[in-house]
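Data block below; observations after.
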Amino acid sequence: MTSNNNNNGFETFLSQLKETNATLDFFCDFNKVEENVQKVEFNLNKLNYLIGKDNMEEAIRFVWEQDPSAFSVLDIIIAVRKKDKKKVIDDKGNVTLIENYFDSVDSVITFIKETGLKEVFQSRKIKNLVDYVFGVEVGLDSNARKNRSGELMADRIGDIFDLNGIPYTREVNSTVFPRLKILGKDKKRFDFVVTTRAKTYLMEVNFYSGGGSKLNEVARSYSDIGPKINSLPEFEFVWVTDGQGWFSAKNKLEEAYSIIPNIYNLTTINDFVNKVKSEL
């Protein structure tokens, strides 16, 4: 399929890209933060016993005797999640997982001393570990903002489809469609699938407010799979993207724009909506 896009069209497309798609609820998912804190709250309250103790080793051994599992939450106090499987070099020069320090009372004592938590606890710089970890979780949640930007974009497109009565399915694997074996090893999970009397539209949706090498990779990937999908008469590849992060990858985006007939942004998405409505 030959693209109808041209250089003038691309410059217009580029000029329409928005600086941000963030609303005030973008910056922190407090429901998620609260859920994460609740998972460790019981043990954190046990560790509150350590705050202000002059003899920290004695206090640690006392808590250990009561419940060794209380120390399983020490990693989140230094802003590390277990799923990240962070490793450090121990005092013997061996590489070990942080969570391995929670297997014995002696290694817990070492952990609390060498991380600096002993001084923090004794000086009462932390008054309550539950409140403190709530703050830690807020900070860690901010690291998810890049992913959240894409999720907001997908939700925005979903809302537009809902408003216009366009039926769709979200997050569909390419393996659902046997004909897409044409993609070879490039198996995809499409953000949206919209089926009309004329076509099945396979859609990718994203938003980039900041630059980076990922943008070049995304544009290159879609420039490859788009023509493959469009070679099948019953399918059409659609890419909805926005964000001024594309200014840093303008050349690759322009290349994709010349190859893929159906590229839209938040300004032009209504063109696609009208096209689909005419085919329902």
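Some observations on this one:
- Subset of the stretch 17-36 that is among the acidic types (Asp, Glu) and in a loop (DSSP other than H, G, I, E, B) - its residue that is farthest from GLY211 (Cα to Cα): ASP29
- Test: residue in the stretch 24-42 that is under 20 Å from GLY135 (Cβ atoms), among the basic types (Lys, Arg) and touching a helix residue (DSSP H, G or I) at 6+ places or on another chain (Cβ under 7 Å): yes
- Scanning the stretch 48-97 for residues that are among the basic types (Lys, Arg) and touching a helix residue (DSSP H, G or I) at 6+ places or on another chain (Cβ under 9 Å) yields LYS53, ARG61, ARG81, LYS82, LYS85, LYS86, LYS87.
- Subset of the stretch 37-60 (residues that are assigned to a helix (DSSP H, G or I), of a type outside the set (Asp, Glu) and exposed (fewer than 15 other Cβ atoms within 10 Å of the Cβ)): GLN38, LYS39, PHE42, ASN45
- For the residues GLY116, GLY139, GLY135, the requirement of being at positive phi and either surrounded by fewer than 17 Cβ atoms within 10 Å (Cβ to Cβ) or free of Cβ contacts under 8 Å to residues at least 12 places away in the same chain (or both) singles out GLY116.
- Residue count for the stretch 181-197 under the criterion of being surrounded by 14 or more Cβ atoms within 10 Å (Cβ to Cβ) and at pLDDT below 95: the result is 3.
- Residue match in the stretch 86-107 (condition: within 20 Å of the chain's Cα centre (by Cα) and either surrounded by fewer than 18 Cβ atoms within 10 Å (Cβ to Cβ) or in the same structural domain as VAL273 (by TED's automatic domain parsing) (or both)): yes
The values are calculated or read from the model by the stated rules, or taken from the named source; none is laboratory data. Please read these numbers as outputs of a predicted model, since none were measured by experiment. Cβ sites come from the backbone with ideal geometry, for glycine too, and all protein chains shown count toward neighbours.
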